[in-house]
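Encoded as structure tokens, the structure appears first; notes follow it.
The values are calculated or read from the model by the stated rules, or taken from the named source; none is laboratory data. Computed from a prediction, not measured in an experiment: that's the story for all the values here. Methodologically, a virtual Cβ is constructed for each residue, glycine included, from the backbone with ideal geometry; neighbour enumeration extends over all protein chains shown.
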Amino acid sequence: MKHLLFIAFIFLFGLGNAQDVKITAGFGDAELKLNQAYSLNSNSSADSLEFSSVKFFLSLVADVNEYVLFDAHRSSISTVQMNELRSVYLGIDSTTNVSGALGGVLDPSLGMYWSWQSGYINAKLEGVFWKDGLRSEFQFHLGGYANPFNSFREIKLVERFSTVILDLAVFSEMADFSIPKVMRPSELGNNLSDCLSLSFRSE
Amino acid sequence: MKWLALFLFSAVAVVQSSQRIPKNWPTPVYDISDDNLKVEKIHLGRLLFYDPILSRDGTISCSSCHSLYNAFAHTDHALSHGIDDRIGRRNAPALMNLAWMSSFMWDGAINHLDMQALAPITHVDEMGSSLPDLIDKLRGRGFYRKKFFEAFGDSTITGQHLLIAIAQFSSTLISADSKYDKVMQGSDAFSDAEERGFALFSRLCADCHIPPLFTSNDFASNGIPIDSSLMDMGKMEVTTNPADSLLFKIPTLRNVEFTYPYMHDGRFKSLYDVLDHYNDLKKPKDKRLEKIQLAENERVELVAFMLTLTDREFLFNQKFAFPKELLQPRE
């Protein structure tokens, strides 16, 4: 009985500020479907496209920081419980990038770490797009922790939110698909990281 | 009495953890204290270093290109030699005193000793494997599940633990017991030629090859022209900054007697070839090289000094040698 009371006490007071934060990806108002073609506006750099892979890291800054690796192939929603969440960033900060071999979602065996040079891949977006009837593959591997190619980006959030959504419709309209292979820290990668970070919304 | 015992015990612990750092050396970048290094992790790293299981087809290990008897360089191979007889673009560097290095590779692409092994394990011209494939193979071996458990208290093999084990072994490869070191400590003396060579070295070479590590850990262009078949741009390949064009890591000169062939592409076979290159340089971009003008006797004296950087205790250290445990029949 004593134990039960204690557990109830923890639930009522100990986790008072804890909240579930959901992380997901969509296309407009719909849930993202991998390998499904989406049409884009006529002024976009592609006419239509489909995603085969959508993976990204979010850094959730709070009393205890959390790193979330979202992978659309594995799960459409990642949920993490946070205390006093203060801000959210796309990618992994520079200090973590120079801290050697880390574990959990930061384990370099999960495909989100470059091997030819040190550093996390903050986001991987891959798929195919059509422009004027021509089919091309795109591979955007965005990362880089050191200037001038630092791709760590703060995500703007509304005051009270429980869900962080990557809207790939916004990204697809903004991103330049005319150079479809961007796989190293670079100016192009910086631009795509800007587009990607601006494609998140919270609600 | 209990307190006294505790005090003595702590004193012993402090002495032990500082023992790895040679006297009068700077603080290492990588934590080699007993707080971080663990015998079982070092041993696991040594097993992995010598085990060709790291390569895709099980033919190449780290030691294939980094052999103890030449200070973990690759004798007579200008460029690294990987699986399927593939040849890489760069010379396999000697491995020693890595705990004092702030970046790795000829172009500085790697920022931490933990992450170094990832590059050769995955490079198509080296071991051609991938971390997930390698982890799968290791997980299938009871031998390694046991070793990972002994090292990390967890028999689930992860990329993190694999890389840390190799890094811990690598960090113990410390060479600080050459004739040069003994002379500096007052327990040996240079010959006349070595003494003159040391004076020449201090005047002409020590801007970049700074004792006691005999490197500044920095990058420089030493004036060798680009090899038109390799088109290696050095550090610029990583940073894309034109100012980094043809800059390569300044290597340590410890055990240089055995680390031939020299330069990032192994183009020079002997120390005399290297000195001739510096001697013949016309208007080098790096002004530090301008003063190198050696007479015939000075070349010999400089080489005589460089040979005092040979550390036989290191080159024959059985703690770094092939672990016979790997010869046990595989389950």
Out of the residues in region B:154-179 that are more than 19 Å from the chain's Cα centre (by Cα) and hydroxyl-bearing (Ser, Thr, Tyr), which is nearest to the other protein chains (Cβ to nearest Cβ)?
-> B:Thr158
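Here's the yes/no breakdown for (1) at pLDDT 95 or above; (2) among the charged types (D, E, K, R):
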residue	(1), (2)
A:Gly100	yes, no
A:Ser115	no, no
A:Lys124	yes, yes
A:Lys131	yes, yes
A:Asn147	no, no
A:Phe161	no, no
A:Phe177	yes, no
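Just the residues that are within 14 Å of chain A (Cβ to nearest Cβ) and either in contact with a Ser or Thr (Cβ under 7 Å, 6 or more places away or on another chain) or part of a helix (DSSP H, G or I) (or both), please, taken from region B:140-153. Steps first, please.
Residues of region B:140-153 that are within 14 Å of chain A (Cβ to nearest Cβ), as a first pass: B:148, B:151-153.
B:Phe148, B:Ala151, B:Phe152 - these are the residues of region B:140-153 that are within 14 Å of chain A (Cβ to nearest Cβ) and either in contact with a Ser or Thr (Cβ under 7 Å, 6 or more places away or on another chain) or part of a helix (DSSP H, G or I) (or both).
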Close pairs (6 angstrom Cβ cut-off, 6 or more residues apart or separate chains): assigned to a helix (DSSP H, G or I) in region A:100-122, of a type in the set (Gly, Ala, Ser) anywhere | A:Pro108/B:Gly159; A:Ser109/B:Gly159
Name the single residue, out of those in region A:44-76 being in contact (Cβ under 8 Å) with a residue 24 or more places away in the chain and outside any strand (DSSP E or B), that is surrounded by the fewest Cβ atoms within 10 Å (Cβ to Cβ).
-> A:His73
Picked from region B:224-271 (must be free of Cβ contacts under 8 Å to residues at least 12 places away in the same chain and either among the β-branched types (Val, Ile, Thr) or in contact with a Gly (Cβ under 8 Å, 6 or more places away or on another chain) (or both)), the residue surrounded by the fewest Cβ atoms within 10 Å (Cβ to Cβ) is B:Thr240
Looking only at region B:282-331, and only at residues there that are more than 28 Å from the chain's Cα centre (by Cα) and touching a residue at least 24 places away in the same chain (Cβ under 8 Å), the one that is farthest from B:Met184 (Cα to Cα) = B:Glu331
Can you work out which of the residues in region B:52-71 that are outside any helix (DSSP H, G or I), touching a Phe, Trp or Tyr at 6+ places or on another chain (Cβ under 9 Å) and of a type outside the set (Ser, Thr, Tyr) is surrounded by the fewest Cβ atoms within 10 Å (Cβ to Cβ)?
-> B:His66
From the option list B:Ala109, B:Ala78, single residue qualifying as farther than 30 Å from B:Lys23 by Cβ and within 9 Å of chain A (Cβ to nearest Cβ) is B:Ala109
From the option list B:Ser130, B:Ser171, B:Ser155, single residue qualifying as surrounded by fewer than 21 Cβ atoms within 10 Å (Cβ to Cβ), out of contact with any Asp or Glu (no Cβ under 8 Å at 6 or more places or on another chain) and at pLDDT 95 or above is B:Ser130
What strands (runs of 3 or more DSSP E), lying completely within region A:128-203, carry at least 1 residues that are of a type in the set (Val, Ile, Thr)?
-> A:153-155, A:163-167
With respect to B:Phe201, is the statement that it is touching a helix residue (DSSP H, G or I) at 6+ places or on another chain (Cβ under 8 Å), within 14 Å of chain A (Cβ to nearest Cβ), of a type in the set (Phe, Trp, Tyr) and assigned to a helix (DSSP H, G or I) true?
-> no
Among the numbered criteria (1) among the aliphatic types (A, V, I, L, M); (2) within 12 Å of chain A (Cβ to nearest Cβ); (3) buried (at least 21 other Cβ atoms within 10 Å of the Cβ), which single criterion is violated by B:Ala119?
-> (3)
Going through region A:77-97 one residue at a time, which ones are within 22 Å of A:Ser193 (Cβ to Cβ), surrounded by fewer than 18 Cβ atoms within 10 Å (Cβ to Cβ) and of a type in the set (S, T, N, Q)?
-> A:Ser87, A:Ser94, A:Thr95
Within region A:178-203, residues within 24 Å of A:Ser76 (Cβ to Cβ) and surrounded by 15 or more Cβ atoms within 10 Å (Cβ to Cβ) come out as A:Leu192, A:Ser193, A:Cys195, A:Leu196, A:Ser197, A:Leu198, A:Ser199, A:Phe200, A:Arg201, A:Ser202
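Scan region A:100-124 for residues that are more than 7 Å from chain B (Cβ to nearest Cβ), farther than 22 Å from B:Gly128 by Cβ and surrounded by fewer than 21 Cβ atoms within 10 Å (Cβ to Cβ) and report the count.
3
When the residues of region B:72-103 are filtered to those that are charged (D, E, K, R) and in a loop (DSSP other than H, G, I, E, B), which remaining residue is surrounded by the fewest Cβ atoms within 10 Å (Cβ to Cβ)? Give the steps one after another, and end with the answer.
Going through region B:72-103, the residues charged (D, E, K, R) turn out to be B:76, B:84-86, B:89-90.
Filter again for in a loop (DSSP other than H, G, I, E, B), leaving B:76, B:86, B:89-90.
Details: B:Asp76: 9, B:Arg86: 15, B:Arg89: 17, B:Arg90: 20.
Out of the qualifying residues, it is B:Asp76.
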